[in-house]
Amino acid sequence: MKKLALAGILAVGLTGCSSDDPQVLNLYNWSEYMPQEVLDRFTEETGIQVVYTTYDSNEAMYARLKLLDDSAAYDLAVPSTYYVSKMRQEDLLMPIDRSKIEGFDNLDPELVNLDIDPDNQYSVPYLWGTTGLAVDTADVDGEVTAWADLWDERFEGRVMLTNDMREVFHVALRVLGYSGNTTDPDEIEQAYEKLTELMPSVRTFNSDAPRMPYLEGETDVGMIWNGEAVMGREGLPTLEYVYPAEGIIAWLDSFVIPKSAKNPEAAHQFISFVLQPEIAALISEDIGYATPNLAARDLLSESVANDRASYPNATDMINAEFQEDIGDEAMQVYARYWEMLKSGR
Amino acid sequence: MRSVMQQPFRTAVLVLVWGWLLFLVLTPNLLVIGASVMTRDPGTFISLPLNLDAYRQLFNPLYLDVFLHSLYMAAMTTLICLLIGYPFAWALSKVPRQRQMLLIFLLIVPFWTNSLVRTYALKLILATNGLLNNALMSVGLIDQPMQMLYTEGAVIIGLVYLLLPFMILPLYAVFDDLREDLLRASHDLGAGRLATFVHIIVPMTLPGVLAGVMLVLLPAMGLFFVPDILGGSRNLLVGNVIKNQFLDARNWPFGAAASIMLTLAMAFLMFAHRLSKRRIGEEGV
């Protein structure tokens, strides 16, 4: 109790002095998901310092935000699709004041007002992307066109999967012909059985920077996020991004303001800053994910706009499936099989 | 005069030490114990009622399997550390004093760098396109790069690298105390080198061996970032399970229970260590 009181005094003391000091925006984002240049320009324009902290899974971000509920450090976070609805329902988010947001109308009408957050009361789309197949064509003979190809014996010890429970199960579920958002324990168990057959081929799980095992020559084929594939091509031109026949995994990451934010004003300012077409285009070109900002799409260089890895065409998105919130009960089932999968050798 | 000067200083030190133990050792441990007997709650992480479900879950064959594999990797690490550390410490105690200090200093220098950073460095060495493979290929020992990264072996190498000094230092302490005249006496009484080693040196250094084993075995089961970085998030340690339960599965009671198991295992080892020390002490007298 004493410690809490002490922390409280410290916090009051800190916020007390900060009124004269330069303003600070605490941004909590995925690793490698925002060019430094954008942060620098924001500080230059507004005088607000950005403290940038990263995470590598929605789960970690969620746990951290929940724990820091009272002492709160973050003004802005970037959860994926289904975590927006989860956090909204759990009353962890602050409504976004649309009157303070400029450029919202630039966003693709198909990516706003989704079920996860009707009318976008709590979230503003930042980037969207897909998780598909990566193939290093220098080391792989023959075609790889489907998730099911990963089970091919020739890839023994050469496969990489993302270190993301939902995505890995999504792949197996699609191979079996089920939805990647299933909550049926039978289907999840079948997916687990299917994945155990894949495990001898799996060399590593990576969600820090999924392009690295390909660049390091450790793996030749497996899962990757499209932006990572685009960034990876710079170091490894033979790295190809493939839209699997069973359907790609799609996701949308949105800005949200945690309820406990200390500087929501700056958070609103930052969202407006990123919604500027020029800035949104810069981000998409730099890190390879697709911007939901239609005005920015017009500013993209020809090569980026026509890059199928970043901007899939309509046929690429056939069978694509967005991840949804599956509820805590199903999550526990997935989590148990996930640990069984990783501990089985 | 001196005692007056000392009094406030003594009080300050005592307050500091007790405050430290109370807030940073006792409180967190009580919180962990508290969390372990509560019920998992998706909204608030933990909630009432109190129960022992988390401990029951520990006996799930899956976690037993993880624990055994973790123990196996930790035991391999300890064995390798012992095989390297024992002769190393022995040799170290034979070196002239002046140079001894320098060597111990060099042994400790790597601690100034964060262990996470050093683990990433090890990754660069073990990678398929890494230093070691390139070196071996350029001298013609192998024509194909070996797959070393993301294997059980890589995890053990990482653990040995990080924990070796913890084996060497206690061993060095006992070797340093090893009296030369005892060895000479053994020799004079007709014991050969092997007999001296088995009957004099091993028993005399056993406390150091046990201390080293303790300092290596338990931490080896908890360093979750080593399997994450060098094992490709496979070959899980107990530490990984604890971390996953807290962060990903959000099952705090179970994570707390697993962590308490690890603490209990440590306590058991320390108890065994004390027992054996007493026995060795009696025999020595």
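Considering (1) in contact with a helix residue (DSSP H, G or I) (Cβ under 6 Å, 6 or more places away or on another chain); (2) in contact (Cβ under 8 Å) with a residue 60 or more places away in the chain; (3) assigned to a helix (DSSP H, G or I), the lone condition that A:ALA63 does not fulfil carries the number (2). Assess whether A:ASP328 counts as being among the acidic types (Asp, Glu), assigned to a helix (DSSP H, G or I) and within 14 Å of another protein chain (Cβ to nearest Cβ). For A:ASP328, the condition - among the acidic types (Asp, Glu), assigned to a helix (DSSP H, G or I) and within 14 Å of another protein chain (Cβ to nearest Cβ) - is met. Filtering B:LEU264, B:LEU163 for residues that are of a type outside the set (Gly, Ala, Ser) and under 29 Å from B:LEU107 (Cα atoms) leaves a single hit, B:LEU163. The residues of segment A:174-198 that are hydrophobic (A, V, I, L, M, F, W, C) and closer than 16 Å to A:ASP149 by Cβ, listed by number, are A:VAL175, A:LEU176, A:LEU195, A:LEU198.
For segment B:221-263, the candidate set comprises residues that are facing chain A (nearest Cβ under 8 Å) and among the basic types (Lys, Arg); within that set, the residue that is farthest from the chain's Cα centre (by Cα) is B:ARG250. Among the residues of segment A:142-167, those identified as assigned to a helix (DSSP H, G or I) and either of a type outside the set (A, V, I, L, M, F, W, C) or at pLDDT 95 or above (or both) are A:TRP147, A:ALA148, A:ASP149, A:LEU150, A:TRP151, A:GLU153, A:ARG154, A:ARG166, A:GLU167. When A:ALA267, A:ALA320, A:ALA296 are screened for being in contact with a strand residue (DSSP E or B) (Cβ under 6 Å, 6 or more places away or on another chain), closer than 29 Å to A:SER99 by Cα and not basic (Lys, Arg), only A:ALA267 passes.
Here is a check on your reading of the model: is B:SER70 in a helix (DSSP H, G or I), among the polar types (S, T, N, Q) and in contact with an Asp or Glu (Cβ under 9 Å, 6 or more places away or on another chain)? For B:SER70, the condition - in a helix (DSSP H, G or I), among the polar types (S, T, N, Q) and in contact with an Asp or Glu (Cβ under 9 Å, 6 or more places away or on another chain) - is not met.
Going through (1) over 28 Å from A:LEU67 (Cβ atoms); (2) within 14 Å of chain A (Cβ to nearest Cβ) one by one, B:LEU30 falls short only on (1). Considering segment A:176-217, and only residues there that are among the aliphatic types (A, V, I, L, M) and closer than 22 Å to A:SER343 by Cβ, the residue that is farthest from the other protein chains (Cβ to nearest Cβ) turns out to be A:ALA191. The conditions of being within 14 Å of another protein chain (Cβ to nearest Cβ) and loosely packed, with under 11 Cβ neighbours inside 10 Å are met by B:LEU68. Where helices (runs of 4 or more DSSP H) fall wholly inside segment B:96-214, the ranges with 3 or more residues that are within 14 Å of another protein chain (Cβ to nearest Cβ) and under 30 Å from A:GLU218 (Cα atoms) are B:115-126, B:131-138, B:152-177. Taken over segment A:154-189, the residue count meeting the criterion of being over 23 Å from A:ALA60 (Cβ atoms), acidic (Asp, Glu) and either touching a residue at least 24 places away in the same chain (Cβ under 8 Å) or not assigned by TED's automatic domain parsing to the domain that holds A:PRO213 (or both) is 2.
The values are calculated or read from the model by the stated rules, or taken from the named source; none is laboratory data. Predicted, not measured: the structure shown is a model, and the values here were computed from it. So basically every Cβ, Gly included, is an ideal-geometry build from the backbone, and we count neighbours across all protein chains shown.
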